[in-house]
Amino acid sequence: MYSIGPIRVDFEKVDNCKYQLYLLYGGNSMVIHLSENFNSDIKCIASETIGSEHYLWEESDYFRFDYNGSLHSIILRIPNSVKTISSGKMDDSILKSLKLLENPIPCVVKQTKIRYFDLLTKRLVCTNGIEDITQSEIKLLNKDFGLIFNKREYVGYIINDPLQYLTDSFGKIDVSKPTDVEYRIFDKCMRIVSDNNLEQHDGSMEEIAKQLSNEIVPVLDNQKSKRVSIMKKEIGDLLDFWL
């Protein structure tokens, strides 16, 4: 038995992954969404499934299941605090499906606290504060997305090649392969829009917006992919609000 906060689950081996991974990008926020159907899941996630919920006004992480106990969808917020997190290799030869063991009472799964994006390996790791997952157990739900467990307790998640899953508001993903240039832009943007950088500028979002305007926007203008168009729009909305 594995624990995701107060939720008790287990894993079963599957031959094919039926879940699609999506990365929803905002100028100063990002969300991971794993589901079979992006649009229908957003509409019915609260009314037709069971699992974790938000805590009052705070954005918590969603692990939702259908009434047969099969995984329906996962929605995870990417934290803004940056720390280096050590990780080892991921074995993508065995994919798992998530199975609910007992019907949960209304519960909350807290957001992860720290993130680390490794530009060299194109890997994003988010944990509840743990900075070394080299000995942790990783259960892959698709070839690039896995949940991290220490002693069968959920401590975070890991994503390989996240930009290939960047989507617009309709769930449409660019079929072209992300370039190294796009990843360098993504990495720099992640560093600028972080709690770490915000603290260095005394909590001034105006200064963060100026950095984005000076260091990110000019480079985005030279890129033509759908992914870059999404990033440019979201960053533009952020600049319009703060500048």
Would you mind checking LYS188/LYS226; LYS113/LYS188; LYS139/LYS233 for any pair whose Cα atoms are more than 27 angstrom apart?
-> LYS139/LYS233
At 222 nm, what helix-only mean residue ellipticity would the chain give, in deg cm²/dmol to the nearest 500, using -39500 (n - 2.57) for each DSSP H run of four or more?
-> -6500 deg cm²/dmol
In nm, what is the difference between 0.36 nm times the number of residues separating ASN37 and SER213 and their Cα-Cα distance?
-> 59.9 nm
Label-point gap, in nm, between LEU120 and VAL175 - each point 7 angstrom along Cα→Cβ = 3.5
What spacing in nm lies between the two simple spin-label points modelled at ARG191 and GLN111, each 7 Å away from Cα in the Cβ direction?
-> 2.3
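Bear in mind that the values in this text are calculations on the coordinates, not laboratory data. Treat the numbers as computed from the prediction; the structure is a model and nothing was measured. Here Cβ is always computed from backbone atoms with ideal geometry, including for glycine, and neighbour counts include all displayed protein chains.
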